[in-house]
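Worksheet: one structure, shown below.
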There are 4 protein chains.
Amino acid sequence: MKPKIDPDAFAFRLPFEVRDYECDMEGIVNNAVYQNYLEHTRHVFMRGRGVDFAALVREGVHLVVTRIEIDYLWPLRAGESFWVGVSVERMSPVRARFHQGILREPDNRPVLKALVTGASLDARGRPARTGVLAKLFD
Amino acid sequence: MKPKIDPDAFAFRLPFEVRDYECDMEGIVNNAVYQNYLEHTRHVFMRGRGVDFAALVREGVHLVVTRIEIDYLWPLRAGESFWVGVSVERMSPVRARFHQGILREPDNRPVLKALVTGASLDARGRPARTGVLAKLFD
Amino acid sequence: MKPKIDPDAFAFRLPFEVRDYECDMEGIVNNAVYQNYLEHTRHVFMRGRGVDFAALVREGVHLVVTRIEIDYLWPLRAGESFWVGVSVERMSPVRARFHQGILREPDNRPVLKALVTGASLDARGRPARTGVLAKLFD
Amino acid sequence: MKPKIDPDAFAFRLPFEVRDYECDMEGIVNNAVYQNYLEHTRHVFMRGRGVDFAALVREGVHLVVTRIEIDYLWPLRAGESFWVGVSVERMSPVRARFHQGILREPDNRPVLKALVTGASLDARGRPARTGVLAKLFD
């Protein structure tokens, strides 16, 4: 049984179009490229809530991915359009979990389902309350 | 003297936004990534004129880049928007030259100027009239 | 508690060096790039057992990743060396599971632990016995 | 007439192997990926002369590419081995030109010829003597 995706379950969605250079020799999007789509969507989503990833880096604050689970359900092909959805769940003061899905346009065929765990770290790389996650949830 | 770019000189333009994963450790877009932007714009431009790159590949027709010249004028940074322009010039029945530029939004600051030469090849990799270039110019 | 990696648990290992263009604005390897390292190692490993990915594509046989789980344990930085390990476990006649790890050189610090599930598919995209997985286990 | 490459003309060479994820839907290495190969080789070459790119970034010194010319002579395919050569020529106290070539193994078939112009910049992005280029030539 393949995992299902509820298109209405996401707090934010971002439209994309497959670029030919993202396809591999099978004519489908390379597995690693989907992770780029997921990350870009998380960053745009967070920017909308006042968390600018590039600014964080300049300030020495780190928001890192500690774990990712991806179910690949259907491949995207050159020329296809799709959207990426994201919602975020608070796990602890220093940890959040992003629920993400990729759905093909215009039929909303499920392409990929992902669960991404992130943590805010201090300069030494240890989990720390940095106010970043608070912004995501307030 | 830096090369100049006339924003009104392009037959087609495509809007983009820098994605964080496209930036390198200097916080600016990596040099090779600009070539992805240029290629994607050429392919969307050609698709609008009936030349579908993925379909060509399936048919065994090859449209290849034989030479590229790029002047890097100003770096793009995370979060910035920009557009890529393209015009095409017929060089011979088997060869075309794409004039391309990248300009930052919203001030049209010139980011990059490129000259890309393409050729249509037969199955053996030799220049050949394949009808592809004809579509671009008719 | 972070997942542990036993350096001696892998059937095959491949040495790598971080390339500067693989690092993002934090000066560390971008999350998606690790998936490239994992895939390349799987493909070299499989080629050593007579399974050539590019040849499979030409023959219309598909060996796809259906699920990936990655624990990010420690980031790699520009200039660092590391190795990727892989072992494979038979799940069914049409499904295999790859256990992978990335360890930094020369101290074998665990960088990443991954579990990658793959399936062999027929032309219609349904799981099928294609002889590919048999090669991996015989 | 295609540009020629003298295999013995380079001061430094680095061996590579095509990784499957670097190939596009034509089964050949994507054009932009060659620029990654070229950059990685320049950086390893410079590191051997005491110029560490990542360290420069941390010190606020910028060594940027201002222009690149690439002739694509023959495509690399999945599974092929090749090497990248580089030599450097002093243009001025703030500007250097890298001559680069990519040759397929084991037959030294010319794959690509490139001319890459670099400049050392101060914090404001203007050409400046930073001692970096001096290291390359002393």
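Any read-out appearing in this document is the output of simple, stated calculations on the displayed coordinates, not a laboratory observation. Note that the coordinates shown come from a computational prediction; the quantities given were computed from them, not determined experimentally. Note that we place each Cβ from the backbone using ideal geometry, even for glycine, and neighbour counts take in every protein chain shown.
Can you give the FRET efficiency to the nearest 0.05 for B:Ser87 and A:Asp8, using r as the Cβ-Cβ distance and R₀ = 41 Å? Don't skip to the end; give the middle numbers.
On the way: r = 43 Å, r/R0 = 1.05.
For R0 = 41 Å, the calculated efficiency reads 0.40.
Pick from D:Pro93, D:Pro106, D:Pro15 the residue whose mean-square fluctuation is largest in a GNM of chain D, springs joining Cα atoms under 10 Å. So, out of D:Pro93, D:Pro106, D:Pro15, the one fluctuating most is D:Pro106. Dipole of segment A:7-137 computed with +1 at Lys/Arg Cβ and -1 at Asp/Glu Cβ about the Cα centre; of A:Asn30, A:His62, A:Leu103, farthest Cα towards the positive end is A:His62. With one equal scatterer per alpha carbon and no solvent term, the Debye-computed log10 I(q)/I(0) for segment B:18-121 at 0.12 1/Å reads -0.44.
Counting alpha carbon pairs within less than 8 Å and at least 6 residues apart, what relative contact order, in whole percent, applies to chain D? Relative CO of chain D lands at 29 percent.
With each label modelled as a point 7 angstrom along the Cα→C-beta vector, the B:Glu105-D:Val64 pair spans 2.2 nm. Once the Kirkwood radius over Cα pairs is known for the protein assembly as shown, the Stokes-Einstein relation at 20 °C and 1.002 mPa s delivers a diffusion coefficient of 87 µm²/s.
Loop-resident trypsin sites (Lys or Arg not before Pro) (DSSP state other than H, G, I, E or B) in segment C:1-81 with no more than 12 further Cβ atoms inside 10 Å of their Cβ: C:Lys4.
For the pair segment B:23-44 and segment B:49-80, the centres of their Cα atoms are 11 angstrom apart. Taking a point 7 Å out from Cα toward Cβ as the label site, list the nm distances between D:Arg124 and the same residue in every other copy, smallest first. In ascending order, 4.1, 6.0, 6.9 nm. With label points defined 7 Å past Cα in the direction of Cβ, position A:Val64 shows copy-to-copy spacings of 3.1, 3.3, 4.3 nm, given to one decimal and shortest first. A label point on B:Gly48, set 7 Å along the Cα-to-Cβ line, lies at 2.7, 4.6, 5.0 nm from each of its counterparts in the other copies, closest listed first. Counting only aspartates and glutamates at least 8 places from C:Lys4 when in the same chain, those with an alpha carbon closer than 14 Å to its own are C:Asp71.
Would you compute, from DSSP H runs of 4+ residues alone, the mean residue ellipticity of chain C at 222 nm, taking -39500 (n - 2.57) per run and dividing by the full residue count, rounded to the nearest 500? It comes out at -6500 deg cm²/dmol, rounded to the nearest 500.
Label positions at D:Ala134 and C:Trp74, each projected 7 Å from the Cα along the C-beta direction, are separated by 3.8 nm.
For chain C, find the longest principal axis of its Cα atoms and tell me its angle to the long axis of helix C:31-48, 0 to 90°, nearest 10. It is inclined by approximately 50 degrees.
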